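*Asks:* Here's a structure for you.
The values are calculated or read from the model by the stated rules, or taken from the named source; none is laboratory data. Note that this is a predicted model, so its numbers are computed, not measured. With ideal geometry, Cβ positions are generated from the backbone for all residues, glycine too; neighbour counts draw on all protein chains shown.
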């Protein structure tokens with residue numbers, strides 16, 4: 001499987017780690033708040049040097065809050081992307097603003113990571129530019145608190161919901177090879193629903209698209225570690241819970257994991273090697289023997 005990103009294609013024979021860079025002061029994990037574009041570039045370069053395959057750069061926290069204007073968001077995001085796009089790895093823009101997405105792509109981003117579930121305007125931008133696109137499940141506008149919905153079968157709901165949005169995107173000219181799907185863990189979902197999705201993540205492969213999983217230090221991990229929602233552990237104490245979740249997500253078929261930490265990067269690398277098809281290993285060894 002491949003994921004097409006503007007001028008390149010990413011092979012997904014092995015899982016890919018997308019390093020998180022936030023040009024923010026209010027993201028949920030204090031350790032990933034770069035604050036300024038200059039600091040974001042420095043932090044992003046450290047992730048590149050550590051071996052991350054791509055960077056996901058955002059300037060608006062996903063947590064609930066008042067709207068952030070496109071000019072304010074772009075002023076923080078675009079300079080960071082311009083510099084990081086020269087680092088030799090693909091850069092995605094974490095934005096749900098069509099205007100900001102357009103400016104980020106012009107600055108060198110090759111994909112848009114959209115937590116809004118997509119709009120016709122965003123799909124048209126993706127079709128026009130040929131960039132990669134992350135389509136995330138969400139049941140309403142971003143940055144707005146809502147009670148989670150109940151589902152008879154949350155995984156079947158995701159398959160139907162994501163499949164429907166993909167149909168809209170492709171009708172507007174987006175190629176399926178441009179789209180990766182994200183189940184949207186912690187967005188409009190309970191911890192039990194998140195865990196059920198991760199147990200059955202492989203079922204989403206029926207949609208035939210790359211699986212993009214953003215789970216790093218999320219609240220569902222904090223609730224599991226703390227024993228309840230009210231007593232959930234803070235984001236700064238969720239590193240090893242994230243390692244466990246990422247390892248099992250890879251086992252269940254995750255292709256791209258959006259993560260903060262080098263420890264999780266190691267988990268992705270090792271679990272991906274373990275998951276690798278024995279047939280591919282045999283072919284690789286045979287090529288080596290005859291070279």
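Listed here are the residues, each with its yes/no results for (1) buried (at least 22 other Cβ atoms within 10 Å of the Cβ); (2) touching a residue at least 40 places away in the same chain (Cβ under 8 Å); (3) over 18 Å from residue 134 (Cβ atoms).
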{"residue": "209", "(1), (2), (3)": "no, yes, no"}
{"residue": "214", "(1), (2), (3)": "yes, yes, no"}
{"residue": "237", "(1), (2), (3)": "no, no, yes"}
{"residue": "241", "(1), (2), (3)": "no, no, yes"}
{"residue": "255", "(1), (2), (3)": "yes, yes, no"}
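*Asks:* Right, another one. Quick check on residue 126: is it crowded, with 23+ Cβ neighbours inside 10 Å, in contact with a strand residue (DSSP E or B) (Cβ under 8 Å, 6 or more places away or on another chain), touching a residue at least 24 places away in the same chain (Cβ under 8 Å) and under 23 Å from residue 11 (Cβ atoms)?
*Replies:* So residue 126 fits the description; yes.
*Asks:* Which residues, counting only those in segment 89-104, are surrounded by 22 or more Cβ atoms within 10 Å (Cβ to Cβ) and within 23 Å of residue 52 (Cα to Cα)?
*Replies:* 90, 91, 92, 93, 94, 95, 101, 104, listed by residue number.
*Asks:* Related question: Name the single residue, out of those in segment 167-203 being touching a strand residue (DSSP E or B) at 6+ places or on another chain (Cβ under 6 Å) and crowded, with 21+ Cβ neighbours inside 10 Å, that is nearest to residue 227 (Cα to Cα).
*Replies:* 184
*Asks:* Out of all the residues in segment 75-94, which are at pLDDT 90 or above and either farther than 13 Å from residue 41 by Cα or not in a helix (DSSP H, G or I) (or both)?
*Replies:* 75, 90, 91, 92, 93, 94
*Asks:* Just checking, how many residues over segment 198-255 are under 14 Å from residue 158 (Cα atoms) and assigned to a strand (DSSP E or B)?
*Replies:* Residues in segment 198-255 being under 14 Å from residue 158 (Cα atoms) and assigned to a strand (DSSP E or B): 3 in total.
*Asks:* Then there is this: Would segment 264-286 turn up any residue that is part of a helix (DSSP H, G or I), in contact with a strand residue (DSSP E or B) (Cβ under 9 Å, 6 or more places away or on another chain), at pLDDT 95 or above and under 29 Å from residue 164 (Cβ atoms)?
*Replies:* No, segment 264-286 contains no residue that is part of a helix (DSSP H, G or I), in contact with a strand residue (DSSP E or B) (Cβ under 9 Å, 6 or more places away or on another chain), at pLDDT 95 or above and under 29 Å from residue 164 (Cβ atoms).
*Asks:* Please find, among 189, 209, 172, 225, the residue that is modelled with pLDDT of 95 or more and under 23 Å from residue 13 (Cα atoms).
*Replies:* 209
*Asks:* For residue 113, all conditions in the list (1) part of a strand (DSSP E or B); (2) farther than 21 Å from residue 130 by Cβ hold save one; what is the number of the exception?
*Replies:* That leaves (2) as the condition not met.
*Asks:* Identify all residues within segment 60-74 that are in a helix (DSSP H, G or I) and surrounded by fewer than 14 Cβ atoms within 10 Å (Cβ to Cβ); write none if there are none.
*Replies:* So in segment 60-74, the residues in a helix (DSSP H, G or I) come out as 70-74.
Once the filter is applied, which keeps residues that are in a helix (DSSP H, G or I) and surrounded by fewer than 14 Cβ atoms within 10 Å (Cβ to Cβ), segment 60-74 yields 71, 72.
*Asks:* May I pose another question? Starting from segment 167-190, take each residue that is on the phi > 0 side of the Ramachandran plot and touching a residue at least 60 places away in the same chain (Cβ under 8 Å) and list its partners that are in a loop (DSSP other than H, G, I, E, B) and surrounded by 15 or more Cβ atoms within 10 Å (Cβ to Cβ), counting only C-beta distances under 8 angstrom and pairs at least six apart or across chains.
*Replies:* Correct list of pairs: 184/115; 184/137; 184/138.
*Asks:* Something else now. Give me the residue from segment 54-73 that is at pLDDT below 95 and in contact with a helix residue (DSSP H, G or I) (Cβ under 6 Å, 6 or more places away or on another chain) and, out of that set, nearest to residue 91 (Cα to Cα).
*Replies:* Looking at residues that are at pLDDT below 95 and in contact with a helix residue (DSSP H, G or I) (Cβ under 6 Å, 6 or more places away or on another chain), I get 59.
*Asks:* Take segment 129-166 and flag every residue that is part of a loop (DSSP other than H, G, I, E, B) and touching a residue at least 60 places away in the same chain (Cβ under 8 Å).
*Replies:* Answer for segment 129-166, where residues must be part of a loop (DSSP other than H, G, I, E, B) and touching a residue at least 60 places away in the same chain (Cβ under 8 Å): 130, 131, 142, 143, 144, 145.
*Asks:* On to the next question. Could you grab me the full set of residues in segment 15-38 that are at pLDDT 90 or above and surrounded by fewer than 17 Cβ atoms within 10 Å (Cβ to Cβ)?
*Replies:* At the first step, the residues of segment 15-38 found to be at pLDDT 90 or above are 15-23, 38.
The answer is 38, and nothing else.
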